[in-house]
Amino acid sequence: MPTRKPSDVIVVGAGVVGAACAYYAAQAGLSVTVVDRGSVAGGTTGAGEGNLLVSDKEPGPELELALLANTLWRELADVLPPHVEYEAKGGLVVASGESGMRALRDFAARQEKAGVTAQEVPGDRLHDLEPHLAPGLAGGFLYPQDSQVMPAHAAAQLLRAAGDRVRLCLGEEVTGLLTGGAGEIRGVRTAAGELHAPYVVNAAGTWGGALAELAGVHLPVLPRRGFVLVTEPLPRVVRHKVYAADYVADVASGSAALQTSAVVEGTPAGPVLIGASRERVGFDRTLSVEVLRRLAAGATSLFPVLGTVRAMRTYPGFRPYLPDHLPAIGPDPRVHGLLHACGHEGAGIGLAPVTGQIIALCLTNGELPLDISPFRPDRFGTPEPAPAPDPGSAPDPGSAPDPGSAPDPAL
């Protein structure tokens, strides 16, 4: 099996988080190999809407990350070419009734104490911001710090901007991790040969748990499926990212059941993107007519003008979900040389730059911009083994595993 030139670090995953890790590591002077079983942005990144949000985050560790990432995205907008479509357009969260407005006021007040800018918009002023919004809404909050990017282009251009310090190995599935006598990381094994480095970064997204298993550690990443509807190109019908107040509750929910909330946003290229849905159904990519019906109904309830617009396509994606809704970022104390940068759920595109920066600082012993202990990869412990079945009892038909819920072992 051929062995190729070693590097300082191997990043597994060529989505936007992996690309950001590679970019900031290269900026720090490290040589990087990025390996992915598919193409650049071929997984969750390519199925994302490109949201860079602070508006949907409760005060706490994730919001701290988002505020730092917000600054980094503005800096990257000056480095990356225009076709990454970075747009600091702001987000508008709307409520249909007074009870919803009270909840939004309370949420915004807590966010403002944490550094978020939120501006209340009375119902009779909503149309100044969004002329095509449905009438009769109680009001909303404008979040000027929310922005958007074209995620697949952003991932590709981050890798390009990293220069010749980054080597891409695409179409290579990681089948094992190489370790030394003390269990320390020495590289990865793929069908094309071995890749050597003293550090491996797990940026495998929804398959991050499977890569962790190859290292013999537990990281309970699960896929959370969502669909996006894409309309035909339009004039700028929707100026901001606009969503209904219940979206925030859906983001924070741990339910496996189907949840949908109205999320509508325009793009510089013209199509309107419509979401959002969440459900845990394993890696099942089956088209759900019920989800699409709910998405269309939610979008037209906010923007009746979309009722006569054609939907050109739809696509599913899998958010890498961890049980406490926080990503795993940083060194794994259980395996020397293994770092994690996965489990961001629907916030990976927004949090990619700060994640990449933190990983690069960990690799170079730099000063971290915040306390990363809430994101410790080992915080979930080791799961207890399932009890052995009683051979004298009949199996419980309700306990059979869902064949669609097992993570795909291929990386």
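The values are calculated or read from the model by the stated rules, or taken from the named source; none is laboratory data. Quick caveat, the model's predicted, so the values are computed rather than measured. Note that each Cβ is placed from the backbone with ideal geometry, even for glycine, and that neighbours are counted across all protein chains shown. These area figures cover heavy atoms from the full protein model, side chains too; ligands, DNA and RNA do not enter into them. Shrake-Rupley method; radii C 1.70, N 1.55, O 1.52, S 1.80 Å.
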When region 109-137 is examined, which residues are found to be under 16 Å from Val242 (Cβ atoms) and among the small types (Gly, Ala, Ser)?
Ala118, Gly123, Ala134, Gly136
Every residue in region 78-104 that is surrounded by 14 or more Cβ atoms within 10 Å (Cβ to Cβ) and either touching an Asp or Glu at 6+ places or on another chain (Cβ under 7 Å) or hydrophobic (A, V, I, L, M, F, W, C) (or both), please.
Leu80, Val84, Ala88, Gly90, Gly91, Leu92, Val93, Val94, Ala95, Met101, Ala103, Leu104
Would you point out which residue out of Ala192, Ala109 is open to solvent by less than 70 Å² (accessible area, probe 1.4 Å) and not assigned by TED's automatic domain parsing to the domain that holds Ile349?
Ala109
What is the residue count in region 117-157 for residues that are crowded, with 16+ Cβ neighbours inside 10 Å, of a type outside the set (A, V, I, L, M) and not in a loop (DSSP other than H, G, I, E, B)?
10
Taking Leu92 as the residue in question, decide whether it is over 20 Å from Asn70 (Cα atoms) and in contact with a strand residue (DSSP E or B) (Cβ under 8 Å, 6 or more places away or on another chain).
no
Within the bounds of region 5-22, is there any residue that is outside any loop (DSSP other than H, G, I, E, B) and surrounded by fewer than 19 Cβ atoms within 10 Å (Cβ to Cβ)?
no
Return yes when Val54 is outside the structural domain of Ala191 (by TED's automatic domain parsing), more than 12 Å from Ala352 (Cβ to Cβ) and either open to solvent by 10 Å² or more (accessible area, probe 1.4 Å) or in contact with a helix residue (DSSP H, G or I) (Cβ under 9 Å, 6 or more places away or on another chain) (or both) and no when it is not.
yes
Has region 219-226 got at least one residue that is more than 30 Å from Thr267 (Cα to Cα), of a type outside the set (Val, Ile, Thr) and not in a loop (DSSP other than H, G, I, E, B)?
no
Give me the pairs: first residue in region 261-290 and in a loop (DSSP other than H, G, I, E, B), second residue of a type in the set (S, T, N, Q) and open to solvent by 40 Å² or more (accessible area, probe 1.4 Å), beta-carbon distance under 7 Å, and six or more apart or on different chains, which are they?
Gly282/Ser405
Restricting attention to region 294-337, the residues that are among the charged types (D, E, K, R) and assigned to a strand (DSSP E or B) number exactly 2
If I go through region 158-181 residue by residue, how many of them are without any contact (Cβ under 8 Å) to a residue 60 or more places away in the chain and open to solvent by less than 40 Å² (accessible area, probe 1.4 Å)?
3
Residue check: is Gly38 in a loop (DSSP other than H, G, I, E, B), surrounded by fewer than 23 Cβ atoms within 10 Å (Cβ to Cβ) and either among the small types (Gly, Ala, Ser) or modelled with pLDDT under 95 (or both)?
yes
Can we say Pro198 is in a loop (DSSP other than H, G, I, E, B) and either under 16 Å from Ser31 (Cβ atoms) or among the hydroxyl-bearing types (Ser, Thr, Tyr) (or both)?
yes
Filtering region 195-218 down to residues that are within 21 Å of Cys342 (Cα to Cα), open to solvent by 10 Å² or more (accessible area, probe 1.4 Å) and either at pLDDT below 95 or not small (Gly, Ala, Ser) (or both) yields Pro198, Tyr199, Trp207, Glu213, Leu214, Val217, His218
For the list (1) of a type outside the set (A, V, I, L, M); (2) open to solvent by 30 Å² or more (accessible area, probe 1.4 Å); (3) farther than 14 Å from Ile349 by Cβ; (4) not in a loop (DSSP other than H, G, I, E, B), I need the number of the one condition that Thr33 fails.
(2)
When you scan region 361-371, do you find a residue that is part of a strand (DSSP E or B), surrounded by 16 or more Cβ atoms within 10 Å (Cβ to Cβ) and over 20 Å from the mean Cα position of the chain (by Cα), even just one?
no
Flag if Arg167 is over 21 Å from the mean Cα position of the chain (by Cα), part of a helix (DSSP H, G or I) and not aromatic (Phe, Trp, Tyr):
no
